[in-house]
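The values are calculated or read from the model by the stated rules, or taken from the named source; none is laboratory data. The model shown is predicted, which means the values in this text are computed figures rather than measured ones. Please note: Cβ atoms are built from the backbone with ideal geometry, for glycine as well, and neighbour counts cover all protein chains shown. Protein only, heavy atoms only, side chains kept; ligands, DNA and RNA dropped before computing areas. Shrake-Rupley method; radii C 1.70, N 1.55, O 1.52, S 1.80 Å.
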Amino acid sequence: FTEMWERFSYYGMRALLILFMTAPLSGGGLGFDTAQAGAIYGLYTSMVYMTTLPGGWIADRLIGAQRAVLYGGILIACGHFSMAFPSLATFYLGLTLIVVGTGLLKGNISVIVGRLYAPGDQRRDAGFSLYYMGINLGAFIAPLVCGYLGQRVNWHVGFAAAGVGMVCGVIQYVMGGKYLGDAGL
């Protein structure tokens, strides 16, 4: 469920990102042209995936996967809530926090799922199937909820909804932490 909510927050915000950047200032957007918005979007999405390498290194060498996922989730939520405030500075701060947080969370949560099962344990495949179902469910629901709120209510409400989703993921992660044992410590 933690990964489901992380994907909800990620795809919920992505559903709004280009639309928000290219919406006119009078419509509450940033008024960027499509080339500038596309460049920012491309840089943002590539950095989300590239930061998993240093995120894995930090977890392996310094804080462990469980703490990396927790800190990453908190940073992601802070990033979404930063984007809920209407200013260019909080927009870029939010993107940066989400990139760093996802770098800590994304690769390490997969490691934890893998370490829940001993090598050869037949439940491992089922565990990863549930994990990927959560990813797909979060990615499916996110644009419907955040996209609707962002386009019909207010862009920043849509970004805040993505943050609420990540807060749900962090709460679920903390409450379910007792079931992780020493996986990813």
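Here are the numbers:
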| item | result |
| --- | --- |
| Residue count for the stretch 115-150, restricted to those that are in contact (Cβ under 8 Å) with a residue 40 or more places away in the chain and more than 19 Å from the chain's Cα centre (by Cα) | 2 |
| Flag if residue 73 is touching an Asp or Glu at 6+ places or on another chain (Cβ under 8 Å), at pLDDT 95 or above, open to solvent by less than 50 Å² (accessible area, probe 1.4 Å) and not β-branched (Val, Ile, Thr) | yes |
| Filter result (open to solvent by 30 Å² or more (accessible area, probe 1.4 Å) and either under 18 Å from the mean Cα position of the chain (by Cα) or among the acidic types (Asp, Glu) (or both)) within the stretch 43-57 | 43, 46, 47, 49, 50, 52, 53, 54 |
| Pairs, first β-branched (Val, Ile, Thr) in the stretch 18-46, second open to solvent by 50 Å² or more (accessible area, probe 1.4 Å), C-beta under 6 Å, six or more apart | 18/41; 22/34 |
| Enumeration of residues in the stretch 15-36 that are out of contact with any Leu (no Cβ under 6 Å at 6 or more places or on another chain) and either assigned to a loop (DSSP other than H, G, I, E, B) or over 17 Å from residue 156 (Cβ atoms) (or both) | 23, 24, 28, 29, 30, 32, 33, 34, 35, 36 |
